[in-house]
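Taking it in order: structure first as structure tokens, then the write-up.
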Amino acid sequence: MSEQFLEVDRLRSELLENINAVDSASTTTAREESVCGQDLLTRIEGVILDIINSLSREEAPVLILQNRNSWANVSFDSAVGLQLNSDVSVSTLRSDCASSVSRFALTLKVLSTIYKLVQSNSYATKRDIYYNDTQLFRSQRTLNAIVDDISCMLRVPRRNLHVLATSKGFVSGDLSYLEEDGTKVDCSSTSTAVPVSSNVCGIKNIVSSAKFVLIVEKDATFQRMLDDEFCTKLSPCIMITGKGVPDVNSRLMVRKLWDTLHVPIFALMDADPHGIEIMCIYKYGSVSMSFEAHNLTVPSVLWLGLLPSDIERLRVPQEALIPLTARDERKLQSLRSRPYLTCQPEWEREMEIMDRLKHKAEIQSLTSIAPDFLTRVYMPNKLRYGGWV
């Protein structure tokens, strides 16, 4: 083993010791959540049949949706993350109510589109569906929410609906794979990154000798590390960014790499409440997508930096720090009350340091020590000696 990565190699060995249990749980979950096209068609037909039966009884049809945006409806499992409760509360879209009739109609419209896609074994992006009738949906956000509601209502992963999302994330490093259509993708270029696939679940034949995967919060930091040829100069590794709050495809890609490569997954975030929350989305998931936690979360993600304790340890110049705003402090208190903090005492200590300092720091603040401090000193030392939490 290379002395350059003593702690990374040790961590990878520990992960491999537990891999059989992880694989077993993942396989069971995948089997439970796998839904073939005919099963999905049957579920949609069941929804329509309920509406027809209501009409035959001269009753106003309704759609029952699970409330997937409330903390009261999720529970925390350290091995999975945030997951939707089985006894979740529901809301009703009524066809005879002025406040919900529009949403009711739009949901049926999208259900009809999904039925046709599955029946013909074809795919469409959410943008395709939206631009087919922009006046009907009014906004892309409305359509996105309806697709997620349908996925939750039918209890199927969103990818099974044959509706794809345009990715905003990028990936680079020691990685190659085949897209579902047979296109070979090579992410090893030192100067450019590859967009995350819009059909991550269709990726196959993944080849990599990466020692770890690095999630980078911001695109600017990601591009700077590309310019410094981080993935080739330091170690064979894979870098991925969701460009801030990650989209589902970026999260699926991180999960795909974890399931396939079984290497440590590190997160490089700003030392601020927003950066911590983004890391939590990768690691434990989000409330709104908790119904698909088994496919999206990677509870093994480790917080590499930038840690609040690093600010003190490295003596980052005061002028490079940013005072916490009132909004930051509210977010910090919210994070400290999250259920997953009970199993992360080291995270709690880092947040206590941030609260005491009353300052936050972006990753770019390390350039105040030296222009290339991040890739020449900070990252190599972290990977060799540890220091993640």
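The values are calculated or read from the model by the stated rules, or taken from the named source; none is laboratory data. Just so it is clear, the model here is predicted, and its values are computed rather than measured. Methodologically, a virtual Cβ is constructed for each residue, glycine included, from the backbone with ideal geometry; neighbour enumeration extends over all protein chains shown.
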Within the range 133-141, is even one residue exposed (fewer than 14 other Cβ atoms within 10 Å of the Cβ) and of a type in the set (Phe, Trp, Tyr)?
no
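Return the only residue of LEU63, LEU93 being more than 19 Å from MET289 (Cα to Cα), assigned to a strand (DSSP E or B), free of Cβ contacts under 8 Å to residues at least 60 places away in the same chain and not β-branched (Val, Ile, Thr).
Values: LEU63 fails: free of Cβ contacts under 8 Å to residues at least 60 places away in the same chain.
Selected residue: LEU93, the only one of LEU63, LEU93 that is more than 19 Å from MET289 (Cα to Cα), assigned to a strand (DSSP E or B), free of Cβ contacts under 8 Å to residues at least 60 places away in the same chain and not β-branched (Val, Ile, Thr).
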Would you check if SER309 is over 24 Å from the mean Cα position of the chain (by Cα), crowded, with 16+ Cβ neighbours inside 10 Å, under 18 Å from VAL216 (Cβ atoms) and modelled with pLDDT of 90 or more?
no
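Step by step: first the residues of the range 221-245, then only those that are hydrophobic (A, V, I, L, M, F, W, C) and in contact with a helix residue (DSSP H, G or I) (Cβ under 7 Å, 6 or more places away or on another chain), then the one that is modelled with the lowest pLDDT. Which residue is that? Show your work before the answer.
Narrowing the range 221-245 to residues hydrophobic (A, V, I, L, M, F, W, C): 222, 225-226, 230-231, 234, 237-240, 245.
Then drop every residue that is not in contact with a helix residue (DSSP H, G or I) (Cβ under 7 Å, 6 or more places away or on another chain), which leaves 225, 230, 234, 237-240, 245.
Working: MET225: 90, PHE230: 87, LEU234: 75, CYS237: 91, ILE238: 94, MET239: 94, ILE240: 96, VAL245: 94.
The extreme case among them is LEU234.
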List every residue pair whose Cβ atoms lie under 6 Å apart, where the two residues are 6 or more positions apart in sequence or sit on different chains, the first residue falls within the range 248-263 and is within 14 Å of PHE170 (Cα to Cα) and in contact (Cβ under 8 Å) with a residue 40 or more places away in the chain, and the second residue, located anywhere, is in a helix (DSSP H, G or I) and among the β-branched types (Val, Ile, Thr).
ASN249/VAL200; LEU252/VAL200; MET253/VAL200
Residue, surrounded by the fewest Cβ atoms within 10 Å (Cβ to Cβ), within the range 142-169, restricted to residues that are within 21 Å of SER250 (Cβ to Cβ) and among the polar types (S, T, N, Q):
THR166
ILE215 passes all but one of (1) buried (at least 18 other Cβ atoms within 10 Å of the Cβ); (2) in contact with a strand residue (DSSP E or B) (Cβ under 9 Å, 6 or more places away or on another chain); (3) within 30 Å of ILE129 (Cα to Cα); which number fails?
(3)
Only listed residue being under 20 Å from CYS343 (Cβ atoms) and either in the same structural domain as ARG349 (by TED's automatic domain parsing) or modelled with pLDDT under 90 (or both), chosen from LEU314, LEU304, LEU321:
LEU304
For the range 232-249, which positions are touching a Ser or Thr at 6+ places or on another chain (Cβ under 6 Å) and in a loop (DSSP other than H, G, I, E, B)?
PRO236, GLY242
The one condition in (1) in contact with a helix residue (DSSP H, G or I) (Cβ under 7 Å, 6 or more places away or on another chain); (2) more than 30 Å from LEU306 (Cα to Cα); (3) aliphatic (A, V, I, L, M) that LEU178 fails to fulfil:
(1)
From the list ILE311, ILE363, which residue is touching a helix residue (DSSP H, G or I) at 6+ places or on another chain (Cβ under 8 Å), among the aliphatic types (A, V, I, L, M) and in contact (Cβ under 8 Å) with a residue 60 or more places away in the chain?
ILE363
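Any idea how many residues of the range 332-381 are of a type in the set (A, V, I, L, M), in a loop (DSSP other than H, G, I, E, B) and either loosely packed, with under 15 Cβ neighbours inside 10 Å or outside the structural domain of ASP270 (by TED's automatic domain parsing) (or both)? Break it down stepwise before answering.
Here is the first cut: in the range 332-381, the residues of a type in the set (A, V, I, L, M) are 332, 335, 341, 351, 353-354, 357, 361, 363, 366, 369-370, 374, 377, 379.
Imposing the further condition that a residue be in a loop (DSSP other than H, G, I, E, B) reduces the set to 369-370.
When the remaining residues are screened for being either loosely packed, with under 15 Cβ neighbours inside 10 Å or outside the structural domain of ASP270 (by TED's automatic domain parsing) (or both), the result is 370.
Summing the residues that are of a type in the set (A, V, I, L, M), in a loop (DSSP other than H, G, I, E, B) and either loosely packed, with under 15 Cβ neighbours inside 10 Å or outside the structural domain of ASP270 (by TED's automatic domain parsing) (or both) in the range 332-381 gives 1.
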